[in-house]
1. Testing Phe127 on (1) touching a residue at least 12 places away in the same chain (Cβ under 8 Å); (2) surrounded by fewer than 17 Cβ atoms within 10 Å (Cβ to Cβ); (3) farther than 30 Å from Asp9 by Cα; (4) of a type outside the set (S, T, N, Q), one condition comes back false. Which one is that?
2. Looking at Ala111 and the list (1) at pLDDT 95 or above; (2) on the phi < 0 side of the Ramachandran plot, which single condition is not satisfied?
3. Scanning region 196-247 for residues that are within 16 Å of Val28 (Cα to Cα) and small (Gly, Ala, Ser), which turns out surrounded by the fewest Cβ atoms within 10 Å (Cβ to Cβ)?
4. Of all residues in region 103-159, which are assigned to a loop (DSSP other than H, G, I, E, B), hydrophobic (A, V, I, L, M, F, W, C) and under 30 Å from Lys241 (Cα atoms)?
5. Just to be sure, is Leu91 under 26 Å from Gln11 (Cβ atoms) and loosely packed, with under 13 Cβ neighbours inside 10 Å?
6. I'd like to know if region 232-240 contains one or more residues that are in a helix (DSSP H, G or I), in contact (Cβ under 8 Å) with a residue 12 or more places away in the chain, closer than 25 Å to Ala83 by Cβ and not β-branched (Val, Ile, Thr).
Amino acid sequence: MNKQVVMSDYQVWDRTTRWFHWINVLAVIGLIAVGAVILNAKALGVSGEGKILLKTVHVYIGYVFCLNLLWRLAWAFVGNRFARWSAFLPLGAGYTRRLREYIQGSKQGAAPGYLGHNPMARLMVTFLLAVLLTMAVAGIILAGTDVYMPPFGAYFADWVTGGDPEKLANLAPGSEEFVDKALYADMRAFRKPVITIHYYTFFVLLAAVVLHVVAVVVTELRERNGLVSAMFTGRKVFADKPVDIKE
C-alpha cells in the first residue's frame, strides 16, 4: 500500500520581490532584443536615424531596468527575510557546509529543501546581480555619450562642445556637426573602455540567463517544490521540513 505524501505550503517571496523579478525579465528581454538589433544595424540595413531611435528606445528601457534594480537592492534591506542580503549572498556561518551538503544531496537525488534560495542558487543570484549592475552602470554612462540622455548627457554634451552655447543648442545625437573635434575625440576615447565592458558583459548576460533558466527547470523537475510557480504565487510546497524554515 502506497503511503500518501502530505505536502505543506509556505509563504516565501513577498509581492515586491515577485514584481521585481518579472519587471526585470521583461526589461532584460527588451534590452537584449534592441541591443542585438543595434549591434547588427549595418547588416540589417538600419539607417543612421534609425540607429539613434533604437539607442533612444534602448535607454528608456534601461531606465526601467535600472530603477527596478535599484529598488530591489533597497528592498534587500527592508523586505521579508527571504528577500534580504543575508538570504541570497553566499555568505554567513555554515554556508560552505550547506553548499557541500546540497551538492552531495543533489548527486544522490535527495537535495535538502530550502524555502529561500538554496546554496547553489545563492551563487547564481550573486553572479546575476553583479552582471546586471555592470550592465546598468556602463549603460547609464553610454546613454550620456551616445544620445546625450540623463543623468550624464548634459555633462558629455558640455564636454564635446566646450560649453559653447550655440553648439549646445544645435547638438544632435549621432552628429559631429556641432562638436569640437578634439574634445569629441577625447570623449570617445573615454567612452571606448565603457562600450567594451558593455559589449562583452552583454554576452556574459546572455550566457547567465540561459544558465539560470536551465538551473531553474532542472531544480523544479528534481525537487518539485513549486520553484517556478512561487514567482507568481509567492508560495512553495514541501513534503519534508525545509532546512531554512527557522533561519
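The values are calculated or read from the model by the stated rules, or taken from the named source; none is laboratory data. Since we're looking at a predicted model, the values are computed, not measured. Note: ideal-geometry Cβ built from the backbone for every residue, glycine included; neighbour counts use all protein chains shown.
1. Exception for Phe127: condition (3).
2. For Ala111, the failing item is (1).
3. Ala207
4. Listed by number, the residues that qualify are Ala110, Ala111, Leu115.
5. yes
6. So far as region 232-240 goes, yes, one or more of its residues are in a helix (DSSP H, G or I), in contact (Cβ under 8 Å) with a residue 12 or more places away in the chain, closer than 25 Å to Ala83 by Cβ and not β-branched (Val, Ile, Thr).
The rows are residues; the columns are (1) surrounded by 12 or more Cβ atoms within 10 Å (Cβ to Cβ); (2) of a type outside the set (Asp, Glu); (3) assigned to a strand (DSSP E or B); (4) in contact (Cβ under 8 Å) with a residue 12 or more places away in the chain.
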position: Tyr10; (1), (2), (3), (4): yes, yes, yes, yes
position: Trp13; (1), (2), (3), (4): yes, yes, no, yes
position: Leu26; (1), (2), (3), (4): yes, yes, no, no
position: Ala43; (1), (2), (3), (4): no, yes, no, no
position: Lys55; (1), (2), (3), (4): yes, yes, no, yes
position: Cys66; (1), (2), (3), (4): yes, yes, no, yes
position: Trp75; (1), (2), (3), (4): yes, yes, no, yes
